[in-house]
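Note sheet for the following structure.
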Amino acid sequence: MAEETIFSKIVRREIPADVVFQDERVTAFRDINPQRPTHILIIPNKLIPTVNDVREEDEALLGHLFVVAAQVAREQGIAEDGYRLLVNCGRHGHQEVMHLHLHLLGGADCGPMLKRLD
Ligand code: AMP
């Protein structure tokens, strides 16, 4: 059984967070260390540690994550200019919190996708 992170406590409202959306499947809240003017994390309420732990039964839930991402982007006024959705996984992906999350970044140019490795 995977170990819970601080994000499960945010879902249960046991610790403070700036929650911008929540339903029975998904929670969206502002990143504590924003990398762009709008930086929101969208997470499944149930604990899925990393993308490596995604199962077929999670398909609808993860589809819903994207529906919520698009809705939150519209509500935050960043949809028209565009934004970046990003998911880190594991060591090479620099994932810090082992509760799968979608970063919604916008309100300013997000730059090229990755720096070259050279
Ligand atoms: P990642 O590297 O993809 O695992 O990203 C984890 C993100 O979670 C980072 O951008 C952190 O700033 C953010 N974060 C960590 N703790 C909190 C918290 N308590 N509330 C909001 N965001 C957090």
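The values are calculated or read from the model by the stated rules, or taken from the named source; none is laboratory data. All figures in this text were calculated on a predicted structure; none of them were measured in a lab. Glycine also receives a Cβ, built like all others from the backbone with ideal geometry; neighbour counts cover every protein chain displayed. For the accessible areas, the whole protein counts, side chains as well, though only heavy atoms, and no ligand, DNA or RNA atoms are used. Shrake-Rupley method; radii C 1.70, N 1.55, O 1.52, S 1.80 Å.
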Discussion item. Let me check something: with ligands and nucleic acids excluded, how do MET1, MET113, MET98 order by accessible area (1.4 Å probe), largest to smallest?
Written reply: MET1, MET113, MET98
Practice prompt. Give the longest segment of the chain that steers clear of trypsin sites (Lys or Arg not before Pro) in DSSP loops with at most 12 neighbouring Cβ atoms within 10 Å, not counting the sites themselves.
Written response: 14-54
Practice prompt. Keeping the other protein chains in place, figure out the carbon and sulfur percent of the accessible area of the chain, with a 1.4 Å probe.
Written response: 52 percent
Worksheet item: Measuring with a 1.4 Å probe in the full set of protein chains, what accessible area per residue, in whole Å², belongs to the chain?
Response: 66 Å²
Discussion item. Quick check for me: using +1 on Lys/Arg Cβ and -1 on Asp/Glu Cβ, what's the dipole size of the chain about its Cα centre, in debye to the nearest 20?
Written reply: 260 debye
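Using only alpha carbon pairs under 8 Å that are at least six residues apart, calculate the relative contact order of segment 6-106 and give it in whole percent. Each step should come with its number before you reach the end.
On the way: 141 pairs, mean separation 31.0, N = 101.
RCO, segment 6-106: 31 percent.
Would you mind calculating the gained length between ASP81 and ASP53 on full extension (0.36 nm times residue separation, minus the Cα-Cα distance), in nm to one decimal?
6.8 nm
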Practice prompt. Give the longest segment of the chain that steers clear of GluC sites (Glu not before Pro) in DSSP loops with at most 16 neighbouring Cβ atoms within 10 Å, not counting the sites themselves.
Written response: 25-79
Discussion item. Quick check for me: using +1 on Lys/Arg Cβ and -1 on Asp/Glu Cβ, what's the dipole size of segment 77-118 about its Cα centre, in debye to the nearest 20?
Written reply: 240 debye
